[in-house]
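What follows is a single structure, written as structure tokens, with notes after it.
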Amino acid sequence: MNTNVHQSNSLRLLVGDTMVNIAVLVKQVPDSNSKIQITGDRVDLSSVKMDISPYDEFAVENALQHKDSSGGTVTAITLGGSGADKVLKGVKALGVDNIVRLDYDGFMDSNGLQSVLASEISSGGYDVVYCGKSAADTGAGSTGPGIAERLGWCSVSNIIDIKFENGLTVTSPAEGGNAIISVNLPAVVSCDKGATKVRKSNVKGIMMAKKAQVEVKSVSPPAASVTIVSQVMPPAKPAGKKFEGAASAETVAQLLRDEANII
Amino acid sequence: MSDTIVIAELSKGKISAITNELVTAANQLGSNCTLVVPCNDSAIANDASSISGVSKIIAAKSGVFSNYDAASWAEALDAVSPSGIIVTSASTQSKDLAARLAARRTISVVQDVVEISNDGTVLTSPVYSGKALQSVKLSSDAVVSVRANVFSPADNSGSSEVQVIDTSGNVTTALKEMVQRASERLDVSEANIIISGGRGMGNPGNFSHLEEIADKLGAAVGASRAAVDTWDEIPHSMQVGQTGKTVNPNLYIAVGISGAIQHLAGMRSSKYIVAINKDADAPIFQHADYGIVATWEEALPILSSSLSNLLG
Ligand SMILES: Cc1cc2nc3c(=O)[nH]c(=O)nc-3n(C[C@H](O)[C@H](O)[C@H](O)COP(=O)(O)OP(=O)(O)OC[C@H]3O[C@@H](n4cnc5c(N)ncnc54)[C@H](O)[C@@H]3O)c2cc1C
């Protein structure tokens, strides 16, 4: 881990252990444009186009910037079936060094998920873990802070800006404004979009990614204590009232008072 | 039935009204509710003493609660909380805390709960950005975060003693600086009423028309991604949707927003939705309780003056 910011790049290349060992967690989820269908009482993803979860793209970008600034390696880790290899290849094309898939196709509760991820992080000897602020399928945002707790690391969540100096300096929204927080490694950083501009892959990266090997590992999660009972469509909202013309704004204001009791 | 623990939600250093909703949810999940109030100054916990349905209040007193640091908060709250099902709000910060608390106890966390079955065993949360609802069953204690504006608030006719317990945690991050928001205006994630503008606003200066109405209603101003991406003056912190904020206000007013699936992902669970759009076929109208087919240039002044009349 690089703790001396003034250290030159060439020196760092000689002293291997100053390199930062960076992990980034990525997840495959339905493309945000996709329609979700239910078969029986479960979501049916068989005909849905899958993609990297949107916030994970910011996590990958921050991980790559960390490497650009400090030197080191970036390993992308996902948990999923073989279909998730596509997401790993996608981030490989962006410049990630290693791609690892924890092979598991099915539901894990947060306890199971975090315990297999935390053990992978701890055996990989990582200094810092980046992840998206939440996955687009569950929307939970539990994985980053949960892993950090299991590892005994600090965590910062929903960051909108990051600087790689003296450990890390991150910006995260707080009540009434933004908190600028300094973070010592090891740490888990969950990423929001903020002003992050993500890099695009080029032809060379895509060619390299095609040839890259996904390292596949098996996992055995602890027994689940949360089980899915059903997945259903949200109840259809009763049709609303639609008015033509600007003058109806007065009617709507009145309805907000009389019918909705809001104002 | 499990015992329950509610972690009080704070806002501006005081117990926020959502806490009453959390107590209702907790009593649906189990019994013997302990309310834990994270605080520097235990006096703030006295505000909770009248919440009905609480059997005990613990003012968890510690310097760590002056700024949010997930690790130390989880440690300090874990130390004073009995075992059982822990209930927090589903605000951004409390979801983060919920996850750490659960991991600390090696139990699972269920986030964003919007429904609890009558027998307290089945919990329902939106998944796939609200495109589906998932119900789960717990077979052991868990930490459960609960969305605002869903459970009816417990009333304030109770009386519980406040027990002050000193606690602490190892602070692992350092707050260097709080950059206060320039405007006094609420953030979309804190507001009960939101008025958002999209690309149809034409230019960022026109957001002043939304601000004028927001000021009348005590609302926050939000935006679509098209607005945020197109105009530098509209910061990402205002963005509602899949890659912005998920909001759950009582009233969401969408102005010049088409209603793309990724925008809906962030606001479809709002209690009431009003849409103002000049295109009668805009998808947003399928989700609006009240739709106004008109340009905002014509509709907003009328809405504004009608609100002034009603609000007196
Ligand atoms: C991965 C991904 C993530 C995304 N995340 C988000 C997100 O978080 N939030 C989000 O909002 N979008 C998101 N999007 C983008 C989304 O798909 C839409 O492009 C976006 O929401 C459109 O914004 P808009 O409704 O303001 O603009 P438009 O779709 O261009 O709609 C403008 C509307 O304004 C109306 N209009 C024009 N002039 C007037 C007038 N004078 N008066 C009244 N109405 C008028 C038009 O009829 C039209 O309906 C995401 C997309 C992707 C692919």
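The values are calculated or read from the model by the stated rules, or taken from the named source; none is laboratory data. What you see is a predicted model; the values in this text were computed from it and never measured. Positions of Cβ are backbone-derived with ideal geometry, glycine not excepted, and every protein chain shown enters the neighbour counts. Calculation scope for accessible area: heavy atoms of the full protein, side chains included, ligands and nucleic acids excluded. Shrake-Rupley method; radii C 1.70, N 1.55, O 1.52, S 1.80 Å.
Summing +1 for each Lys or Arg and -1 for each Asp or Glu, what net charge is found among the other residues whose Cβ lies under 9 Å from the Cβ of B:Pro126? For residues surrounding B:Pro126, the net value is +2. For A:Val219, nonlocal amide neighbours, meaning residues 5 or more places apart or on other chains whose placed amide H falls under 5 Å from its own, are A:Asp103. Under a straight-distance cross-link criterion of Cα-Cα below 20 Å, which lysines are reachable from A:Lys242, leaving out those fewer than 8 residues away in the same chain? Excluding near neighbours in sequence, the set is B:Lys271, B:Lys278. Taken as Cα centroids, the stretch A:73-87 and the stretch A:168-223 sit 13 Å apart, rounded to the nearest whole angstrom. Normalised by the number of residues in the stretch B:169-311, the mean separation of alpha-carbon contacts (under 8 Å, six or more apart) gives a relative contact order of 20 percent.
Note on chain B: GNM, Cα springs under 10 Å; of B:Asn203, B:Asn20, B:Asn192, the largest mean-square fluctuation is that of B:Asn203. Computed from backbone phi with θ = phi - 60° and the Karplus coefficients 6.51, -1.76 and 1.60, the 3J(HN,Hα) list for the stretch B:104-110 is 4, 9, 6, 10, 8, 10, 10 Hz; x is used for glycine and proline.
For chain B, the longest principal axis of the C-alpha atoms and the axis of helix B:296-311 are separated by about 50°.
Could you compute how fast the stretch B:221-312 diffuses translationally, taking Rh as the Kirkwood radius over C-alpha pairs and applying Stokes-Einstein at 10 °C with viscosity 1.306 mPa s? Give it in µm² per second. Spell out each step's value before the answer.
On the way: Rh = 13.6 Å.
Reported coefficient: 117 µm²/s.
How large is the dipole of the stretch B:169-311 about the Cα centre if only Lys and Arg carry +1 and Asp and Glu carry -1, each at its Cβ, rounded to the nearest 20 debye?
It comes to approximately 380 debye.
Highest mobility in the GNM of chain A, judged by mean-square fluctuation with C-alpha springs under 10 Å and restricted to A:Ala247, A:Ala59, A:Ala236, is found for A:Ala247.
Rolling a 1.4 Å probe over the protein chains gives B:Arg105 an accessible area of about 50 Å². When both the stretch B:1-30 and the stretch B:113-158 are represented by their alpha-carbon centers, they are found 12 Å apart.
Taking a straight Cα-Cα cut-off under 17 Å and skipping sequence neighbours fewer than 8 places away in the same chain, the aspartates and glutamates within cross-link reach of A:Lys35 are A:Asp44, A:Asp51, A:Asp137.
Please report the net charge: other residues with Cβ closer than 9 Å to the Cβ of B:Pro204, K and R +1, D and E -1. It works out to a net charge of -2.
For the peptide B:264-273, the mean number of other protein chain Cβ atoms found within 10 angstrom of a residue's Cβ is 2. Protection proxy ranking for A:43-51, B:89-97, using the average of other Cβ atoms within 10 Å per residue and placing the highest first: B:89-97, A:43-51.
Only helices enter the 222 nm calculation for the protein assembly as shown: every DSSP H run of n ≥ 4 contributes -39,500 (n - 2.57), and dividing by all residues gives -8000 deg cm²/dmol, rounded to 500.
Projecting the Cα positions of A:Ser34, A:Gly72, A:Gln213 onto the charge dipole of the stretch A:2-218 (unit charges on Cβ atoms of Lys, Arg, Asp and Glu, taken about the Cα centre) puts A:Gln213 furthest along the positive direction. Ordered by 1.4 Å accessible area with all protein chains kept, B:His236, A:His66, B:His209 run largest first as B:His209, B:His236, A:His66. Between the stretch B:37-107 and the stretch B:195-225, the C-alpha centres lie 35 angstrom from each other. In the elastic network of chain B, a GNM with C-alpha springs shorter than 10 Å, the most mobile of B:Leu22, B:Leu77, B:Leu133 is B:Leu133. Note on A:Leu113: accessible area is roughly 40 Å² with a 1.4 Å probe, heavy atoms of protein only. Solvent-accessible area of B:Glu297, all protein chains in place: 110 Å² (probe radius 1.4 Å, heavy atoms, ligands and nucleic acids excluded).
With a sphere of radius 15 Å drawn around the Cβ of B:Asn277, what net charge do the other residues whose Cβ falls strictly inside it have (Lys, Arg +1; Asp, Glu -1)? Its environment carries a net charge of -2.
Largest accessible area first, the listed residues B:Thr230, A:Thr196 line up as B:Thr230, A:Thr196 when surface is computed with a 1.4 Å probe on the assembled protein chains. Round to the nearest 10 and give me the degree value, 0 to 90, for the angle of helix B:70-80's Cα axis relative to the longest principal axis of chain B. So the inclination is approximately 40 degrees. Applying Stokes-Einstein at 37 °C and 0.692 mPa s to the Kirkwood radius of the protein assembly as shown, computed over alpha-carbon pairs, gives a translational diffusion coefficient of 133 µm² s⁻¹. Taking all protein chains into account, the per residue accessible area for the protein assembly as shown stands at 41 Å² (1.4 Å probe).
For the segment B:234-243, counting C-beta atoms of other chains within 10 Å of every residue's C-beta and taking the mean gives 4. Across the options B:Thr243, B:Asn20, B:Ile194, the greatest Cα extent toward the positive end of the charge dipole of the protein assembly as shown (unit charges at beta carbon of Lys, Arg, Asp, Glu) belongs to B:Thr243.
The lysines whose alpha-carbon is closer than 19 Å to the alpha-carbon of A:Lys86, local same-chain residues fewer than 8 away aside, are A:Lys27, A:Lys49, A:Lys200, A:Lys204, A:Lys210, A:Lys211, A:Lys217. Based on the alpha-carbon gyration tensor of chain B and its eigenvalue square roots a ≥ b ≥ c, which shape applies: rounded if a/c is under 1.5, prolate if not and a/b is larger than b/c, or oblate? Cα axes put chain B in the prolate bin.
Of A:Met108, A:Met19, A:Met208, the residue with the largest accessible area leads and the full order is A:Met208, A:Met19, A:Met108 (1.4 Å probe).
Distance between the pseudo-spin-label points of B:Glu212 and B:Glu233 (7 Å out from Cα toward the beta carbon): 1.5 nm.
Computed from point charges on the beta carbon alone (+1 for Lys and Arg, -1 for Asp and Glu), the dipole magnitude for the protein assembly as shown about its Cα centre is near 1340 Debye.
Averaged over the residues of peptide A:168-180, the number of Cβ atoms from other protein chains lying within 10 Å of each residue's Cβ is 6.
Ordering A:Val232, A:Ile147, A:Tyr104 by the projection of their Cα atoms onto the charge dipole of chain A, which places +1 on the Cβ of Lys and Arg and -1 on the Cβ of Asp and Glu, puts A:Tyr104 at the extreme positive end.
Taking Cα pairs under 8 Å and at least six residues apart, what relative contact order does chain A come out at, in percent? Write down the numbers at each step before the final one.
On the way: 486 pairs, mean separation 58.4, N = 263.
Across chain A, relative contact order equals 22 percent.
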